[in-house]
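Presented below is the structure to which this report refers.
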Amino acid sequence: MAFEGLTERLQSAMSKLRRKPKVTEADLKETMREIRLALLEADVNFTVVKDFVKQVRERATGTDVLQGLNPAQQIVKIVDEELTKTMGSEAVPLNKSDKIPTIIMMTGLQGAGKTTTAGKLALKLKNEENARPMFIAADVYRPAAIDQLETVAKSIDVPVFQLGTDVDPVEIVRQGLEEAKAKHNDYVIIDTAGRLQIDEKLMNELVNIETLAQPDEILLVVDAMTGQNATETADGFNSKLNITGVILTKLDGDTRGGAALSIRAVTGKPIKFVGQGEKMTDLDVFHPDRMSSRILG
Ligand code: GDP
């Protein structure tokens, strides 16, 4: 289960605090030490942990909280609020263009869930907005990638623009956008190539696609199971591309929590959606407050 270890440890730290008739500065210090270790063990970025602990400590220290009513409860509330803040406070909606099509570029490492998530997003747009999305297949390095996109697209009845694997991806995107305009599709979702690791050639190609397509939304798909590596990946993509949002996948797995808690703070970019399963309907809007409640258990 996601966040299992983190939830357990945070709850244990809090219940120890709750059992105290009075909460002293020393008790608070000990609780903060336990929270700090729990976060580090969940693979949360070190700087994020440091800032988080500092914020909670600053708000909890002093007479108002410690000598007020239910100090333990107040501290739990502060932890909840600060976790929410660390993850971005509010849900951030998809950017939309005032004239069609809204162009969405999907990016991410191979295996992160890019193609699956492109399908989930298209289905969400169809179901919630009656939209008519179109995919552009711009991953020309793995023939299987186009087949996979075709299969996903067929299952949700969305057209795919593709020119096989022998045409330059930037040219495919150019022609695909023309087709979408001619057919009045309201969304275009570009599935780009992934690699096992960030490399310069891939980044240059993505930058060229960005320059040509001027997407309204460049979504980075990252695998929550990869913890702090996900944060590093996000940082790497974000330094080259104007990433507008992150989609965290595989939150149905037993992720420790590091990616969910670090990405927003490290990159400054909002997590817009979370993938919580392999089915096309398993994509949800990311709500930082709900995620915080889930983590605190
Ligand atoms: P890509 O290489 O980035 O395009 O990744 P794929 O879309 O091929 O996904 C890689 C694997 O992750 C596939 O087996 C997907 O079914 C799986 N996957 C994607 N998103 C999720 C998710 O949210 N939860 C789970 N459990 N699996 C996912």
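Just so you know, all these numbers are worked out from the coordinates, no wet-lab data involved. Fair warning: this is a prediction, and the values are worked out from it, not measured in the lab. So basically every Cβ, Gly included, is an ideal-geometry build from the backbone, and we count neighbours across all protein chains shown.
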Proportion of all alpha-carbon pairs of the stretch 136-211 beyond 21 Å (%): 25 percent
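Based on Cβ point charges of +1 for Lys and Arg and -1 for Asp and Glu, what charge dipole magnitude is obtained for the stretch 42-122 about its Cα centre, in debye rounded to the nearest 20?
Working: 10 positive and 9 negative charges, 63 e Å.
It works out to roughly 300 debye.
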Among the listed pairs LYS120/LYS272; LYS20/LYS50; LYS99/LYS120; LYS99/LYS269; LYS20/LYS77, those beyond 19 Å (Cα-Cα): LYS20/LYS50; LYS99/LYS120; LYS99/LYS269
The chain: calculated mean residue ellipticity at 222 nm from DSSP helix runs of at least 4, using -39500 (n - 2.57): -17000 deg cm²/dmol
Candidates ASP98, ASP216, ASP139: whichever shows maximal mean-square fluctuation once the chain is modelled as a Gaussian network with Cα springs under 10 Å: ASP98
Against the rule of thumb 2.2 N^0.38 Å, how large the Cα Rg of the chain comes out: 1.12
Bridge type composition, the chain - antiparallel percent by DSSP, nearest 5: 10 percent
Shape box of the stretch 44-122 [Cα atoms, principal axes, largest first, Å]: 57, 31, 18
Spatial separation of Cα centroids for the stretch 147-179 and the stretch 198-217, in angstrom: 17 Å
Segment ALA91-GLU179, extension gain: residue separation times 0.36 nm, minus the distance between their alpha carbons: 28.4 nm
Label point at ASN208 placed 7 Å out along Cα→Cβ; residues across the stretch 160-191 whose backbone nitrogen lies under 14 Å: 166-175
